[in-house]
Every structure is written in structure tokens, then in C-alpha cells.
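Below is one structure; the comments refer to it alone.
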């Protein structure tokens, strides 16, 4: 009996020591990183610019569509979209903020963007989309199209659309510059999509102009991407209520 009482006393001493040292207390609460500060639009500035081509713009390539009678009969534009523009201005250039937005968060994109197949062409030829935003791919032609996206950071997909009016939706989980699209049925069809985790991008028209609005004040690196001419970068400082001007000039 005395031995049993001795073991009871020892057990109570061990338990008391463990509690005093924190061994019996609750585990410390896990800490979480503070949320990124919300952006105040009233402090925003803008970037406006132009993309130029040095020299004579290469002649567009005529696309041969005779392999599909529907395409041959219905296509209204048979010229390549690689080099478009006039008077030294370059279109179909994807311009976006490459650096300077780290640590900031922005509201998720609303609505969807559309990639259409009409006249046996992808429209638009170059476009942008946000991470997680819905891309609706439509077949407006009376012929089979096969949409084949070949990203490197996102999942590849390859889908057929044999019936006019068919649509399907996809989205991208990771930023990527750029995601190429092609049609496995019509080899001349191609398109490019830039995927970003922020809304600050633009595509130049045939006048070479672009605008990126409502940027938080700060120092940024802008990149201009062209499917054949490569990329260029420019540093720019955006101030509250001001519009910074940037230009890019490509050459072969």
C-alpha cells in the first residue's frame, strides 16, 4: 500500500512539472500572413503609349484556305495577322506590367472573355485574360474546328467543335505569357492569350496605341510582346493622377 501511494505522489509531481513547463497547455495558435493592403483607386495613375516598327512593315502572308471548301467560300480575310499596322505603327502587341505589383492584390475578374472562330480565323488574334477568369471558345463557322491550347504553366487542352454555334469554357490557374492556340484541322489558324494575375495589360490596335489605366502609384517594368519580333521592356514611374508615356520600337 505504501509503495502504491509513493507511485501516486510521483505521478502527480511529473504531471505538475509538465503543466508548469507548458507541456500540458494548448499549442500556440498558428499565425497567418497579413492580407495584402487594398488598393485605393483614388491614388491611381495611368500609362499611355505607342508601339512602333522601325522600317517598312513586312508584307502580310496570304493564307491558303482551299483545303476546306467552307473556309474558301466564307472567309472574308485571308491575310496573316502577324504583322498589322500602318505608318510605322505596330498592332497585335501585348503590353503588360511585368514587375512592380508584387505583394498587392486585386478584385477577381468578373464576366468572361470570348475567343471566336469565324471565317476560319481566331478572333481576336492576341488577347489577355485574368487567372481564373472564364474563357468562352465559340465556333461560328459551318465546319469542324479543333481548338488546341499548348501552355507551359497551365494544363493543355485539345477540343473539337464540329457544329456551328458550339461553345465550351476553360480557365487558367497560373499566369503565363503567352499561351499559343492552334486549330489541328486548319493549320493557318493561330492565336495567343496572355494570362495575368492582375488587370494591367493592353493589346495594340493597328494604330500601335495602348492605354493601361488605374495603376497604383509606383515604379514598374512594362513588357511588350510580339509573336514574331520578341519582347522589349521599359521602366516607368506612375504618379497619382498622372499619365506616364512610354514607347516601344521593334525592328527585324
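Read-outs throughout are calculated quantities, based only on the coordinates presented, and are distinct from any laboratory measurement. Only a predicted model underlies this, so the values are computations on that prediction, with no experimental measurement involved. Here the Cβ positions follow ideal geometry from the backbone for every residue, glycine too, while neighbour counts run over all protein chains shown.
Mind jotting down the distance between the C-alpha centroids of segment 215-233 and segment 58-75, whole Å? Taking the Cα centre of segment 215-233 as reference, the centre of segment 58-75 is 33 Å away.
Look at where the Cα atoms of segment 40-56 and of segment 185-208 average out, and the two centres are 17 Å apart. Packing order of peptides 219-225, 104-110, highest average first: 219-225, 104-110 (average count of other Cβ atoms within 10 Å over each peptide's residues).
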